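Asker: Please read through the structure below; I'll follow up with questions.
The values are calculated or read from the model by the stated rules, or taken from the named source; none is laboratory data. Predicted model only: the values in this text are computed from it and were never measured. Quick reminder, even Gly has a Cβ in these numbers, built from the backbone with ideal geometry, and neighbours come from all protein chains shown. Please note that ligands, DNA and RNA were not included when accessible areas were found on the heavy atoms of the full protein model with its side chains. Shrake-Rupley method; radii C 1.70, N 1.55, O 1.52, S 1.80 Å.
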Amino acid sequence: MTTVDLPLLPLGRGRDLDAERGVECPGDLPAASDPDLVERARAAKEALGDRLFVLGHHYQRDEVIQFADVTGDSFKLARDAAARPGAEFIVFCGVHFMAESADILTGPEQKVILPDLAAGCSMADMARLRQVEDAWDALTDAGVADVVVPVTYMNSSADIKAFCGRHGGAVCTSSNADVALEWAFDQRGPDTKVLFLPDQHLGRNTAVLKLGYSLDDCVVWNPLLPGGGLSAEELHAAKVILWKGHCSVHGRFTTEVVDALREKDPDITILVHPECTHEVVLKADLVGSTEFIIKTIEAAEPGTSWAIGTELNLVKRLADQHPDKSIAFLDRNVCFCSTMNRIDLPHLGWALESLVAGEAVNVIEVDPETERWAKVALQRMLDLPGRTAAKD
């Protein structure tokens, strides 16, 4: 992977106190401390045979991805798991909400395992069920709840998906968010509003750039403020109520770096995920899901230069796979998604060896009532016209 002549901090060299939490970036991940771990994990996987199905999210580190039977985004992987009913154990190398989705879509006799229970998602954690229920009560008090349809991004907890199912809403991915919002606006007449959870940036970018709403049509609900920080008048006037959540990785990319990259290389193409801020998306050349980013780079002409605004593990992997193209990371600080990187080789090896020994560790189980309503919301997404198999 290449960088450009900017005041970057490549591979974690240096410190930026203006960055989120003022942390030092980790740079390149070290090799596994125990060289036997790879062989041990491989032996355990072979011993389990067809009883095991390993899923690897695109943002996982290479030492983990090498053991994945399939790779993809969260929704694709959950569907891949559902398509393997003969696998007794589904080991999900991703984060908690992804494993929940896999448990919802797989059979009751299958066990979904998350190698490290600490692998969560900061975005999903920004919308807690009690907060969303309190917001719904406030919308009711404001007299607008009866025309609000909740739509949650796939990157949310099972209980938030279930909330949407119970209240007539649906799940969406970053690829079909526009179709999901169009569906939602058709549900409750001309005064319909959408409550979009938990990523404000995906919701704003979709509503404004895909559906033609204005920024003034969108308001942001802050769950840490009374009444979300909004008046009843603002709620009545709004068309889209955006939950104040974001991805800690995609929210880091800035227009200043985009401008600096273009000044250095006028021919560079800026390719970003729609979880980026609205300002960054407006300056980008191409915007799309994880799968869109991968396919775009695969189809790109040799010799072209790219700056990609998504998680670093994927950007590094694309750069390694396409040495004939110049690929840079769209950030001054080279940081990995800390929660994704909790799934490492020691945890994966331990989970696999435990299964060989007859013990299923870190099993993810969604309670039946939550599963029932989350399935309702997921099914509404699958029933949407057009891109029903879209990726996030």
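Asker: How many of the residues making up the range 354-392 are modelled with pLDDT under 95, of a type in the set (S, T, N, Q) and either open to solvent by 50 Å² or more (accessible area, probe 1.4 Å) or closer than 17 Å to P150 by Cα (or both)?
Answerer: Result for the range 354-392: 1.
Asker: C247: touching a helix residue (DSSP H, G or I) at 6+ places or on another chain (Cβ under 7 Å), farther than 20 Å from T296 by Cα and modelled with pLDDT under 95, yes or no?
Answerer: Details: touching a helix residue (DSSP H, G or I) at 6+ places or on another chain (Cβ under 7 Å): yes; farther than 20 Å from T296 by Cα: yes; modelled with pLDDT under 95: yes.
Yes, satisfied.
Asker: For K161, indicate whether it is at negative phi, open to solvent by 40 Å² or more (accessible area, probe 1.4 Å), touching a strand residue (DSSP E or B) at 6+ places or on another chain (Cβ under 9 Å) and modelled with pLDDT of 95 or more.
Answerer: Numbers: at negative phi: yes; open to solvent by 40 Å² or more (accessible area, probe 1.4 Å): no; touching a strand residue (DSSP E or B) at 6+ places or on another chain (Cβ under 9 Å): yes; modelled with pLDDT of 95 or more: yes.
Judged against the criteria, K161 is not a match.
Asker: Another one. Restricting attention to the range 136-158, which residues are buried (at least 22 other Cβ atoms within 10 Å of the Cβ) and of a type in the set (S, T, Y)? Step through it out loud before you land on a result.
Answerer: Initial filter on the range 136-158 (buried (at least 22 other Cβ atoms within 10 Å of the Cβ)): 139, 148-158.
The answer is T152, Y153, S156, S157.
Asker: Turning to a different aspect of this structure: Mind checking which residues of the range 316-348 are of a type in the set (A, V, I, L, M, F, W, C) and surrounded by 21 or more Cβ atoms within 10 Å (Cβ to Cβ)? Can you show your working first?
Answerer: Taking the range 316-348 first, the residues of a type in the set (A, V, I, L, M, F, W, C) are 318-319, 327-330, 334-337, 340, 343, 345, 348.
Residues satisfying the conditions are L318, I327, A328, F329, L330, V334, C335, C337, M340, I343, L345, L348.
Asker: On to the next question. Is there any pair with a first residue in the range 91-114 that is of a type in the set (S, T, Y) and a second that is open to solvent by 20 Å² or more (accessible area, probe 1.4 Å) whose Cβ atoms are under 7 Å apart and which are 6 or more apart or on different chains, and what are they?
Answerer: Partner pairs satisfying both residue conditions: T106/A82.
Asker: Ok, one more. Do the conditions hold for F196, that is, is it open to solvent by less than 10 Å² (accessible area, probe 1.4 Å) and either of a type in the set (K, R) or modelled with pLDDT of 95 or more (or both)?
Answerer: Working: open to solvent by less than 10 Å² (accessible area, probe 1.4 Å): yes; either of a type in the set (K, R) or modelled with pLDDT of 95 or more (or both): yes.
Yes, satisfied.
Asker: Quick check on the range 284-342: of everything there that is at pLDDT 95 or above and acidic (D, E), which residue is nearest to Y59 (Cα to Cα)?
Answerer: By that ranking, first place goes to E298.
Asker: Then there's this: Please determine, by comparing only the residues of the range 281-311 that are open to solvent by less than 30 Å² (accessible area, probe 1.4 Å) and without any contact (Cβ under 8 Å) to a residue 40 or more places away in the chain, which one is farthest from L197 (Cα to Cα). Don't jump to the end; show me each part of the working.
Answerer: So the first thing to find is which residues in the range 281-311 are open to solvent by less than 30 Å² (accessible area, probe 1.4 Å), and the list is 281, 284, 288-291, 293-294, 296-297, 300, 305-311.
Next, from what is left, pick out any that are without any contact (Cβ under 8 Å) to a residue 40 or more places away in the chain: 284, 293, 296-297, 300, 306, 308.
Values: A284: 24, I293: 23, T296: 28, I297: 29, A300: 33, W306: 31, I308: 25 Å.
Only one residue fits best here, namely A300.
Asker: Can you tell which of G168, G120, G107 is open to solvent by 10 Å² or more (accessible area, probe 1.4 Å), among the small types (G, A, S) and farther than 30 Å from L52 by Cβ? Talk me through it step by step, then tell me what you get.
Answerer: Details: G120 fails: farther than 30 Å from L52 by Cβ; G107 fails: farther than 30 Å from L52 by Cβ.
Of G168, G120, G107, the one residue that is open to solvent by 10 Å² or more (accessible area, probe 1.4 Å), among the small types (G, A, S) and farther than 30 Å from L52 by Cβ is G168.
Asker: Which one is modelled with the lowest pLDDT among residues in the range 123-134 that are touching a helix residue (DSSP H, G or I) at 6+ places or on another chain (Cβ under 6 Å) and open to solvent by less than 20 Å² (accessible area, probe 1.4 Å)? Full working, then the answer.
Answerer: So the first thing to find is which residues in the range 123-134 are touching a helix residue (DSSP H, G or I) at 6+ places or on another chain (Cβ under 6 Å), and the list is 124, 127, 129, 132.
Now restrict to residues that are open to solvent by less than 20 Å² (accessible area, probe 1.4 Å): 124, 127, 132.
Working: A124: 93, A127: 96, V132: 98.
The residue in question is A124.
Asker: Here is a follow-up. For the range 194-228, what are the residues that are basic (K, R) and either in a loop (DSSP other than H, G, I, E, B) or under 13 Å from E182 (Cα atoms) (or both)?
Answerer: Quick first cut of the range 194-228, residues basic (K, R) only: 204, 210.
Passing the criteria: only K210.
Asker: Still on this model: Which ones in the range 205-229 are farther than 22 Å from A162 by Cβ and crowded, with 22+ Cβ neighbours inside 10 Å? Steps first, please.
Answerer: Quick first cut of the range 205-229, residues farther than 22 Å from A162 by Cβ only: 205-220, 222, 224-227, 229.
Residues satisfying the conditions are N205, T206, A207.
Asker: Does at least one position in the range 256-274 carry a residue that is touching a helix residue (DSSP H, G or I) at 6+ places or on another chain (Cβ under 7 Å), assigned to a helix (DSSP H, G or I) and charged (D, E, K, R)? Break it down stepwise before answering.
Answerer: So the first thing to find is which residues in the range 256-274 are touching a helix residue (DSSP H, G or I) at 6+ places or on another chain (Cβ under 7 Å), and the list is 258, 268, 270-274.
Then drop every residue that is not assigned to a helix (DSSP H, G or I), which leaves 258.
When the remaining residues are screened for being charged (D, E, K, R), the result is none.
Checking the range 256-274: not a single residue is touching a helix residue (DSSP H, G or I) at 6+ places or on another chain (Cβ under 7 Å), assigned to a helix (DSSP H, G or I) and charged (D, E, K, R).
Asker: Also: Quick one: in the range 230-251, of everything that is in a helix (DSSP H, G or I), out of contact with any Cys (no Cβ under 7 Å at 6 or more places or on another chain) and open to solvent by less than 50 Å² (accessible area, probe 1.4 Å), which residue is nearest to E275 (Cα to Cα)? Write out each step before concluding.
Answerer: Going through the range 230-251, the residues in a helix (DSSP H, G or I) turn out to be 232-237, 250-251.
Filter once more, keeping what is out of contact with any Cys (no Cβ under 7 Å at 6 or more places or on another chain): 232-237, 251.
Then drop every residue that is not open to solvent by less than 50 Å² (accessible area, probe 1.4 Å), which leaves 232, 235, 251.
Values: A232: 28, L235: 24, G251: 7 Å.
It comes out as G251.
Asker: Answer with yes or no whether A351 is open to solvent by less than 20 Å² (accessible area, probe 1.4 Å), within 24 Å of M98 (Cβ to Cβ) and in contact with a strand residue (DSSP E or B) (Cβ under 8 Å, 6 or more places away or on another chain).
Answerer: Values: open to solvent by less than 20 Å² (accessible area, probe 1.4 Å): yes; within 24 Å of M98 (Cβ to Cβ): yes; in contact with a strand residue (DSSP E or B) (Cβ under 8 Å, 6 or more places away or on another chain): yes.
The answer is yes for A351.
Asker: Right, here's the next one. Which of the residues spanning the range 180-193 are open to solvent by 10 Å² or more (accessible area, probe 1.4 Å), part of a helix (DSSP H, G or I) and in contact with a strand residue (DSSP E or B) (Cβ under 8 Å, 6 or more places away or on another chain)?
Answerer: The answer is W183, F185.
Asker: Residue pairs, Cβ under 7 Å, 6 or more apart or interchain, first in the range 152-165 and assigned to a helix (DSSP H, G or I), second surrounded by fewer than 24 Cβ atoms within 10 Å (Cβ to Cβ) and among the basic types (K, R). List them.
Answerer: Listed pairs, sorted by first residue: none to list.
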